[in-house]
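The structure appears below as structure tokens.
The values are calculated or read from the model by the stated rules, or taken from the named source; none is laboratory data. The shown structure was predicted, so the numbers you read here are calculated from the model rather than taken from an experiment. Here the Cβ positions follow ideal geometry from the backbone for every residue, glycine too, while neighbour counts run over all protein chains shown.
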Amino acid sequence: MKLNQLFMLLKKDIERWYFYANIEKKATTFDVIKNIFNPRFTPVFIYRLSHFFYTKKLIFISKFFSMINFILFGLEITIQCEIGPGLIFPHTQGIVIGSVKIGENALIYNGVTIGAKKMDVNFNPTLRPIIGNNVMIGSGAKILGGIIIGDNVTIGANAVVTQSISNDKLVLGIPAKEYSKSNR
């Protein structure tokens, strides 16, 4: 990843906030700088730095930024996880992300756990979820195992997802069941 790609991701993250705030504006580098200390953007900024250094194979620096997120915001994201542009954490406390990949425009609420079903110290990608684009994950939801969550999926609060979910679904319950969004 190059530095200009990092700034492109950060601008897209801010533009997603603008989308939810009904602000029609393209984010600039100045918008990135002025939002660095915004408590809704800072954790995203720190994650982006962590992953940037991971792609540069500067693992110690990557882990340092990851630890800052954990200490300051209660947000644990594995350095290997690639997350697309438009990432939003309205509230960060208690979020654990151990997935392989999360697509663009992810909205992830507090208390969410995404990872392996069993202890996986060595980060085996086959045991970890892959999450598509335009996914909203409600407070307290759990997404566990080597499953795939499709695009345009809404996972309800406290749902426990252990099976792959197809595109355009609403997912609710323990264990989670998928519903068509048009029928709800």
| task | Can you confirm whether the stretch 57-77 contains a residue that is among the charged types (D, E, K, R), touching a strand residue (DSSP E or B) at 6+ places or on another chain (Cβ under 8 Å) and free of Cβ contacts under 8 Å to residues at least 60 places away in the same chain? | result | yes
Exactly one of SER99, SER50 is small (Gly, Ala, Ser), at pLDDT 95 or above, surrounded by 19 or more Cβ atoms within 10 Å (Cβ to Cβ) and not in a helix (DSSP H, G or I), and that residue is SER99
Those residues of the stretch 6-36 that are under 13 Å from LEU87 (Cα atoms) and among the acidic types (Asp, Glu) come to a total of 2
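Mind checking which residues of the stretch 148-158 are surrounded by fewer than 18 Cβ atoms within 10 Å (Cβ to Cβ) and of a type outside the set (S, T, N, Q)?
ILE148, ASP151, ALA157 - these are the residues of the stretch 148-158 that are surrounded by fewer than 18 Cβ atoms within 10 Å (Cβ to Cβ) and of a type outside the set (S, T, N, Q).
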Of the conditions (1) without any contact (Cβ under 8 Å) to a residue 24 or more places away in the chain; (2) in contact with a Pro (Cβ under 7 Å, 6 or more places away or on another chain), the single one that ALA176 does not satisfy is (2)
Across (1) touching a helix residue (DSSP H, G or I) at 6+ places or on another chain (Cβ under 8 Å); (2) within 19 Å of ILE79 (Cα to Cα); (3) of a type in the set (A, V, I, L, M, F, W, C), LEU170 clears everything bar (2)
The residue that is surrounded by the most Cβ atoms within 10 Å (Cβ to Cβ), considering only those in the stretch 102-144 that are in a loop (DSSP other than H, G, I, E, B) and among the polar types (S, T, N, Q), is ASN105
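Quick check: is even one residue across the stretch 134-157 out of contact with any Asp or Glu (no Cβ under 9 Å at 6 or more places or on another chain), within 21 Å of PHE52 (Cα to Cα) and without any contact (Cβ under 8 Å) to a residue 60 or more places away in the chain?
Among the residues of the stretch 134-157, not one is out of contact with any Asp or Glu (no Cβ under 9 Å at 6 or more places or on another chain), within 21 Å of PHE52 (Cα to Cα) and without any contact (Cβ under 8 Å) to a residue 60 or more places away in the chain, which makes the answer no.
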Residue within the stretch 14-28 that is more than 20 Å from ILE95 (Cα to Cα), more than 17 Å from the chain's Cα centre (by Cα), surrounded by 15 or more Cβ atoms within 10 Å (Cβ to Cβ) and of a type in the set (S, T, N, Q) present:
no
Checked against (1) free of Cβ contacts under 8 Å to residues at least 12 places away in the same chain; (2) in contact with a Ser or Thr (Cβ under 8 Å, 6 or more places away or on another chain), HIS51 satisfies every condition except (1)
Matching residues in the stretch 29-47 (over 20 Å from the mean Cα position of the chain (by Cα) and not in a helix (DSSP H, G or I)) number 0
Residue count, the stretch 2-28, condition in a helix (DSSP H, G or I), closer than 29 Å to LEU58 by Cα and either without any contact (Cβ under 8 Å) to a residue 12 or more places away in the chain or not β-branched (Val, Ile, Thr) (or both), comes to 13
